[in-house]
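Contents: one structure, followed by commentary.
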Amino acid sequence: MALVAVQTSPFSGYTVNRFSGVQKIQIHRIVCICAQLVARMAAMFTCWLGCCGDGGSGHIPLKEMPTVQLDTHHMGTDVVIVKSGRRICGTGGCLANAPLHQNKSYFEFKIQSTGVWGLGVATQKVNLNQVPMGRDTNSLVLRHDGSVYHNNEEKNRLPANSLPQEGDIVGITYDHVELNLYLNGKNMHCPASGIRGTVYPVVYVDDSAILDCQFSDFYHTAPQGFEKILFEQQIF
């Protein structure tokens, strides 16, 4: 009785009868090709994990949105900005780093130290070394004496008994038509308008005045329909 030699292949549970050398060679070629394909797929998968896996978490971190604050690239030469872009002192003005693109914006300023100051909105053409502002078409501001000026014209005035004092919070709403003022959360019913174009929050100081800006985490609830300033990427 003739014996038949049996060889175990790499395929589980599969045996190859050695009927001829040609058959053996063909099977070995198939096994080698399959092994190469598996090795290549494993290498590609390892490479993908290294490039896209973010340390194995499977998440790619998103770029953080910038914070709205006073812009040291748009300030007067004698202005000092501290507290991570939230406090202004010295002499001159400074714009915020975000324009008022949205329909209804709200922001606040706290009077830390009295003196000569003003706050409101302005275009990037405003002269940030000239105080008080409100002398031309590029700014619309509340001045420390309670007057609201634009283009060297008094547009409105706070009541004499409602002038902001040290420690007070002045809120501003802007809807691309009117600027309105709030004192410690109370509507002063002191609207003003006239400025055109893309505007930014603006503040100026002189004579030892110090003001803090608040573009989020407000001291007082924003009036209905108004919200904090959003960057353009956050709006769309």
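Summing charges over neighbours of residue 164, with a neighbour being any other residue whose Cβ is under 11 Å away from its Cβ, gives -1 when K and R count +1 and D and E count -1. Once you sort the root eigenvalues of the Cα gyration tensor of the stretch 70-214 as a ≥ b ≥ c, which label holds: rounded (a/c under 1.5), prolate (a/b larger than b/c) or oblate (the other case)? The shape class here is rounded. Label separation (residue 165 vs residue 219): 1.3 nm, computed from points 7 Å beyond Cα along the C-beta direction. For the stretch 141-236, the Cα-based Rg and Dmax, in that order, read 13.8, 42 Å. Past 24 Å, Cα to Cα, is the threshold; run 125/186; 83/186; 155/186; 83/110 against it and keep the listed order. Listed pairs above 24 Å: 125/186; 83/186. If the segment from residue 72 to residue 178 were pulled out straight at 0.36 nm per residue, it would be longer than the present Cα-Cα gap by 35.5 nm.
Quick check: net charge around residue 213, other residues with Cβ under 9 Å of its Cβ, Lys/Arg +1 and Asp/Glu -1? Net charge around residue 213: +1. The value of relative contact order for the stretch 70-214, using C-alpha pairs under 8 Å at least six residues apart, is 35 percent. In straight-distance terms, cross-link reach from residue 228 covers every one of the aspartates and glutamates whose alpha-carbon lies under 18 Å from its own, apart from those fewer than eight places away in the same chain; here that gives 64, 71, 108, 175, 178, 212, 217. Give, as a single signed number, the net charge of other residues whose beta carbon lies under 11 Å from the beta carbon of residue 152, with Lys and Arg counted +1 and Asp and Glu -1. Counting the neighbours of residue 152, the net charge comes to -1.
Computed from the Cβ-Cβ distance with R0 of 35 Å, the FRET efficiency linking residue 232 to residue 125 stands at 0.95. Taking trypsin sites (Lys or Arg not before Pro) across the stretch 119-219, the ones in a DSSP loop with at most 13 further Cβ atoms lying within 10 angstrom of their Cβ are 125, 196.
Each reported figure results from applying straightforward, stated rules to the coordinates on display, with no laboratory input. What you are looking at is a predicted structure, and each value in this text was computed from that prediction instead of being measured. Cβ: placed from backbone, ideal geometry, glycine included. Neighbour counts: every protein chain shown.
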